[in-house]
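The values are calculated or read from the model by the stated rules, or taken from the named source; none is laboratory data. Computed from a predicted model, the values in this text were never measured in an experiment. For neighbour counting, all protein chains shown are included, and Cβ atoms are generated from backbone atoms with ideal geometry for every residue, glycine included. Remember, those area values only see protein heavy atoms, side chains included, never the ligands or the DNA or RNA. Shrake-Rupley method; radii C 1.70, N 1.55, O 1.52, S 1.80 Å.
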Amino acid sequence: MDPFSPSPLHQAAIFSVFVVPLLFYGALYHLFAIPSNLRHLPSVPLLPLLRSYLSREPDDVRIKRLIMPFADDLSEGVVVVWAMGKWMVHILDSKLFMQVSGNMVDFPKQRPAKDSMFCRFMGDSNIVWTNGEAWKKQSHIMRQAFSLPLPIELFTTLAENVFQVIETTSSAADSHSHTVCWSDLAQRFALDAVGTSIIGHNFDSIRTRSEFVSDYNQMMHDIAQPLYLIAPLLERVVPRKKVIWRMDRLIRGFEELLEAKRSDPGDDIMTAMLKHPDLSPTQLRDNMASLFLAGHDTTSGAMSTLIYHLAVHPKIQEAARDEVIEILGPTADPFAPQLSPQSMPYLNACVREALRINPPADYITPRISHMDATLGNYYIPALTPLVCNTYAVHHNKATWGDPEIFRPERFLHGQGAEPWVPFSSGPRQCLAYNFALYELRTLAAMLLRRYDWVLPEDSIHASGLRNAFSPFALALPIDLSITFTRRSYPEA
Ligand code: HEM
């Protein structure tokens, strides 16, 4: 043995004193340092961001606190933000938002990592993430299916199911009012609307406790572990077996629904897709999961925001009700032309304002710059992840003046030329936006006609609407209780 060469013990000591910290530092640098080709851009400091994720701060609060100052105080159109293990360029300016969301060639969608939870649930062959020909084909089929007449009758029946739940919830001894967890009921309404008309399966979740729905909610709750969101690599190192088990059970549920649909077709969107010879079983399943996710949490978030703002603004609630009663009368079922924006401009303005002030999707799914580009004053290198930040565009002080105030009038009388993008813009805009807007207006109109409502005195939202922490950029008001009181009308 060479007396001058280090013994194994020495080698181990050298390794642990020098190499391990070096590797550790290298890994941290790789995870947290801004890539050199983005350092010329303004950036949000890392530590407050990490603190925000670890404390489960909802997106809207984080954006307002850490990102909006770049738009409002520094007039920046873009800013670099660390999220989900990487630095991404957030687009804050409305014109740049349109430039990126409107150009599918230079800014295609960035596919999520194969081993992310998002991808496990929605697959990677769905309309939301595909680009090019695969997207064109799926988009064409879905757009055709969405051009069917709107299911207003279904929305009306579901609204009546909601009334039944409200009125069978026990009321306080000295009143005729009923306090319900509205955020939960709104989610169940949206799920039954999407289930019946789009997926072709009646979950009947307003009236019953669906196991499928409980599994879904539990899964969404379990996924939202800040550590895993900060370091997605952990999914590989310490897999979350319980979350995966639950998710796989839901995916099997989708597969079974599809199988049942083959032998018992309906007139829903999944049936239209099943008939298409070009769509593979994987594409069908991935689209079913995507429609389920894209179609119900968004609408239910919007419905909770709207009902909250009407509760805390009684005069606006009253004005919307006057309009609804004038158009619908006290009892008749509504039909589509009555619910159009032209027929009920004030209710429509309330819905638009709810979608502005708390957009159900705070950001749209990330794009990637295909080649070197210029956004505003800045050079953006090829392969940069880009996030169009809807919340930031909707809360820009220079554009809106008083963005934190719920003021439907801003959408009346030819106003509203401001950039309103809750459904995004350009060719990848939400293809169900008309469906969603009619769904919202139908339920809101029927509720306004039947009830007055307020926030309960002990509401956790007394000093402002609070969203849940969401791993999927969804703005979902949390545990929103509402007290409804039935209105009476003189006999006709
Ligand atoms: C208030 C309710 C809704 C909001 C705010 C909303 C918002 C959005 C947004 C922002 C996008 C663009 C995503 C992106 O570019 O990354 C989108 C796309 C999409 N949405 Fe919606 N959505 C709503 C309701 C629905 C409903 C009810 C469905 C159908 C069940 C649906 C299905 C889709 C689909 C399939 C896409 C992908 C379109 C494509 O990539 O071509 N959405 N939605």
Q: Identify all residues within the range 367-397 that are buried (at least 22 other Cβ atoms within 10 Å of the Cβ) and at pLDDT below 95; write none if there are none.
A: none
Q. So which residues in the range 186-198 are open to solvent by 20 Å² or more (accessible area, probe 1.4 Å) and either within 11 Å of the ligand (Cβ to nearest atom) or not in a helix (DSSP H, G or I) (or both)?
A. S197
Q) Are any of the residues in the range 207-227 open to solvent by 30 Å² or more (accessible area, probe 1.4 Å) and more than 28 Å from A186 (Cβ to Cβ)? A) yes
Q) Of all residues in the range 116-144, how many are near the ligand (Cβ under 10 Å from one of its atoms) and open to solvent by less than 30 Å² (accessible area, probe 1.4 Å)? A) 8
Q: Any chance you could count how many residues in the range 444-471 are in a helix (DSSP H, G or I) and in contact with a strand residue (DSSP E or B) (Cβ under 9 Å, 6 or more places away or on another chain)?
A: 2
Q. Can you tell me which residue in the range 6-37 is modelled with the lowest pLDDT, limited to those that are farther than 19 Å from V89 by Cα and not in a helix (DSSP H, G or I)?
A. P6
Q | All positions within the range 314-351 that are under 25 Å from V180 (Cβ atoms), open to solvent by 60 Å² or more (accessible area, probe 1.4 Å) and at pLDDT 95 or above | A | P314, K315, E318, D322
Q | Single residue of the range 425-443 satisfying the filter (within 7 Å of the ligand (Cβ to nearest atom), in a helix (DSSP H, G or I) and open to solvent by 10 Å² or more (accessible area, probe 1.4 Å)) that is farthest from A186 (Cα to Cα) | A | Y433
(Q) Step by step: first the residues of the range 391-424, then only those that are touching a Pro at 6+ places or on another chain (Cβ under 8 Å) and farther than 30 Å from N126 by Cα, then the one that is farthest from the ligand (Cβ to nearest atom). Which residue is that? (A) K397
**Q.** Among the residues listed as S175, S183, S171, the single one being touching a strand residue (DSSP E or B) at 6+ places or on another chain (Cβ under 8 Å), over 30 Å from L279 (Cα atoms) and within 15 Å of the ligand (Cβ to nearest atom)
**A.** S183
Q.
I'm told K242 meets every condition in (1) open to solvent by 30 Å² or more (accessible area, probe 1.4 Å); (2) within 20 Å of I141 (Cα to Cα) except one. Can you identify the failing condition by its number?
A. (2)
Q: Just name the residue that is farthest from F335 (Cα to Cα) out of those in the range 164-182 that are in contact (Cβ under 8 Å) with a residue 12 or more places away in the chain and surrounded by fewer than 16 Cβ atoms within 10 Å (Cβ to Cβ).
A: S175
Q) Hey, among the residues in the range 68-115 that are hydroxyl-bearing (S, T, Y) and at negative phi, which one's most open to solvent (accessible area, probe 1.4 Å)? A) S94
Q) What are the pairs, 6+ residues apart or on separate chains, where a residue within the range 464-491 that is under 13 Å from R62 (Cα atoms) has its Cβ under 6 Å from a residue that is assigned to a strand (DSSP E or B) and not charged (D, E, K, R)? A) N467/P477; A473/A361; A473/Y363; A475/N467
Q | Residue satisfying condition, being in a helix (DSSP H, G or I) and closer than 20 Å to P422 by Cβ, within set A289, A294, A311 | A | A294
Q: Examine the range 278-296 for a residue that is more than 16 Å from the ligand (Cβ to nearest atom) and either open to solvent by less than 20 Å² (accessible area, probe 1.4 Å) or within 29 Å of R410 (Cα to Cα) (or both), and state whether such a residue exists.
A: no
**Q.** Near pairs, Cβ below 6 angstrom, 6+ apart or cross-chain, from the range 194-215 (within 22 Å of D248 (Cβ to Cβ)) to any residue that is among the small types (G, A, S) and not in a loop (DSSP other than H, G, I, E, B)
**A.** V194/G295; H201/G195; F203/G195; F212/G253
